[in-house]
Protein chains: 2
Amino acid sequence: MKLIIKLASFAFAILSCSQLIAADVKPAPNGLQIPENYKDWKVISQSHRIDNNTLRIIIGNDQAIKAARTGETNPWPKGSILGKLVWKQKTDEHWDKAIVPGKFIHAEFMYKDAQKYSSTGGWGYARWLGLEQKPYGEDKNFVHECYGCHVPVKSKDYVFTTPVSLP
Amino acid sequence: MKLIIKLASFAFAILSCSQLIAADVKPAPNGLQIPENYKDWKVISQSHRIDNNTLRIIIGNDQAIKAARTGETNPWPKGSILGKLVWKQKTDEHWDKAIVPGKFIHAEFMYKDAQKYSSTGGWGYARWLGLEQKPYGEDKNFVHECYGCHVPVKSKDYVFTTPVSLP
């Protein structure tokens with residue numbers, strides 16, 4: 001019985017601790033929260049932007065992964081969240097023909113809800129800067145900057161990423 | 001009761017189907033099997049090789065992810081498996097300053113077991129080519145080609161990849 005109480009206390013301590021960590025990340029100026037466990041999400045694609053020298057991994061929550069794997073991405077289903085993890089590029093120290101991630105720059109997310117986010121193409125936007133995860137944007141109008149960049153891919157439900165092909 | 005039988009039959013059908021798919025991928029010439037569910041593994045890093053114009057996502061099984069996140073990667077623990085998914089690069093059709101994955105080239109894996117694979121630095125190697133997942137190598141000696149390329153990073157337990165930094 002003592003062991004059960006100890007185990008329960010330990011589980012509660014872990015739970016409290018993880019909730020504390022999640023609460024430490026402030027919401028974006030539009031109220032969006034950083035998704036929990038996004039570091040455990042599966043991969044949708046990657047990219048190398050040569051205009052700003054960054055490498056990116058694109059990940060998705062379970063709904064987005066299901067959509068990506070079944071080709072149901074135009075439009076993406078309600079509830080899909082896409083994440084983009086961005087690093088400054090650097091040259092690999094042991095293979096000078098390989099460009100690899102260096103300093104972490106930011107994590108940004110798109111939250112699909114055609115009704116809720118109808119003024120920005122059916123997607124909510126949020127970004128957290130650096131390892132300190134500082135919310136991006138002075139006020140809630142920052143989303144128009146995000147949306148503006150995504151307008152050229154309106155025909156792809158405002159998403160640049162095409163899921164990778166895999167066996 | 002009928003519903004339960006139907007559900008059980010359905011579950012069995014799914015199970016049989018997934019086993020069939022796994023069995024369809026032939027083992028590598030050294031006997032290594034392609035890891036199950038590797039497409040669901042979490043991300044360790046990414047790279048862009050400018051010598052052969054490929055983009056790569058590096059993933060790991062649960063043991064490898066735990067090691068990557070706690071910095072216990074020199075050596076990587078026994079049982080770690082690292083996967084590398086490789087695509088030919090192409091220019092994004094909507095953003096010509098972004099290089100993105102095109103045709104899938106291969107999936108390759110490193111299996112850590114210092115005793116079992118002592119002749120190749122403590123790692124077993126295997127690669128499957130293309131969407132058809134054809135095992136790479138004429139015979140089991142193909143691993144010396146893999147091992148040879150990894151010798152320059154002996155000081156990093158024969159692994160080029162450094163796990164990305166994340167918040």
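The values are calculated or read from the model by the stated rules, or taken from the named source; none is laboratory data. It should be emphasised that the depicted structure is a prediction, and the values quoted were computed from it without experimental measurement. When we count neighbours, we look across all protein chains shown, and the Cβ atoms used for this are built from the backbone with ideal geometry, even at glycine. In case anyone asks, the SASA skips ligands and DNA or RNA and just uses the protein heavy atoms, side chains included. Shrake-Rupley method; radii C 1.70, N 1.55, O 1.52, S 1.80 Å.
In segment A:87-115, the residue that is farthest from A:Asn61 (Cα to Cα) out of those that are at the interface with chain B (Cβ under 7 Å from one of its Cβ atoms) and touching a His at 6+ places or on another chain (Cβ under 9 Å) is A:Ala98. Residues in segment A:56-74 that are more than 12 Å from chain B (Cβ to nearest Cβ) and among the hydrophobic types (A, V, I, L, M, F, W, C): A:Ala64, A:Ala67. Within segment B:117-127, being open to solvent by 50 Å² or more (accessible area, probe 1.4 Å) and within 17 Å of the chain's Cα centre (by Cα) holds for one residue alone: B:Arg127. Taken as a whole, segment A:75-84 holds no residue that is within 10 Å of chain B (Cβ to nearest Cβ) and surrounded by fewer than 19 Cβ atoms within 10 Å (Cβ to Cβ).
So that you can scan it fast, the table gives a plain yes or no per residue for (1) under 21 Å from B:Ser45 (Cα atoms); (2) modelled with pLDDT under 95; (3) in contact with a Leu (Cβ under 8 Å, 6 or more places away or on another chain):
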| site | (1), (2), (3) |
| --- | --- |
| B:Ser118 | no, no, no |
| B:Gly124 | yes, no, yes |
| B:Trp128 | yes, no, no |
| B:Gln133 | no, no, no |
| B:Gly137 | no, no, no |
| B:Val153 | yes, no, no |
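A:Thr70 meets all of the listed conditions (1) surrounded by fewer than 16 Cβ atoms within 10 Å (Cβ to Cβ); (2) in contact (Cβ under 8 Å) with a residue 12 or more places away in the chain; (3) under 22 Å from A:Ser155 (Cα atoms) but one, namely (2). If you filter segment B:33-55 down to residues that are open to solvent by less than 20 Å² (accessible area, probe 1.4 Å) and within 13 Å of B:Phe109 (Cβ to Cβ), you find that the one that is farthest from the other protein chains (Cβ to nearest Cβ) is B:Pro35. Taking each residue of segment A:81-97 that is more than 30 Å from A:Lys116 (Cβ to Cβ) and looking for partners that are of a type in the set (Gly, Ala, Ser) with beta-carbon atoms closer than 8 Å, six or more apart or interchain, yields A:Trp87/A:Gly102; A:Trp87/B:Ser165; A:Lys88/A:Gly102; A:Gln89/A:Gly102; A:Lys90/A:Gly102; A:Thr91/A:Ala98; A:Asp92/A:Ala98; A:Asp92/B:Ser47. Within segment A:29-88, the set of residues being among the aliphatic types (A, V, I, L, M) and assigned to a strand (DSSP E or B) comprises A:Val43, A:Ile44, A:Leu55, A:Ile57, A:Ile58, A:Ile59, A:Ile81, A:Leu82, A:Leu85, A:Val86. B:Ile21 meets all of the listed conditions (1) under 30 Å from B:Lys154 (Cβ atoms); (2) modelled with pLDDT under 95 but one, namely (1). Checking the structure you have, find out if any residue of segment B:130-143 is more than 7 Å from chain A (Cβ to nearest Cβ), touching a Phe, Trp or Tyr at 6+ places or on another chain (Cβ under 6 Å), among the charged types (D, E, K, R) and in a strand (DSSP E or B). No, there is no match, as no residue in segment B:130-143 is more than 7 Å from chain A (Cβ to nearest Cβ), touching a Phe, Trp or Tyr at 6+ places or on another chain (Cβ under 6 Å), among the charged types (D, E, K, R) and in a strand (DSSP E or B). With the structure loaded, tell me whether A:Lys97 is surrounded by fewer than 15 Cβ atoms within 10 Å (Cβ to Cβ), modelled with pLDDT of 95 or more and in a strand (DSSP E or B) or whether it fails that test. Criteria met by A:Lys97. Report yes if A:Ser155 is away from every other protein chain (no Cβ under 14 Å) and farther than 17 Å from A:Gly83 by Cα, otherwise no. Considered against the rule, which asks whether it is away from every other protein chain (no Cβ under 14 Å) and farther than 17 Å from A:Gly83 by Cα, A:Ser155 comes out as no.
Taken over segment B:128-159, residues that are buried (at least 16 other Cβ atoms within 10 Å of the Cβ) and free of Cβ contacts under 8 Å to residues at least 24 places away in the same chain amount to 1.
Here A:Ile105 meets each of (1) under 29 Å from A:Gly31 (Cβ atoms); (2) open to solvent by less than 50 Å² (accessible area, probe 1.4 Å) with one exception, condition (2).
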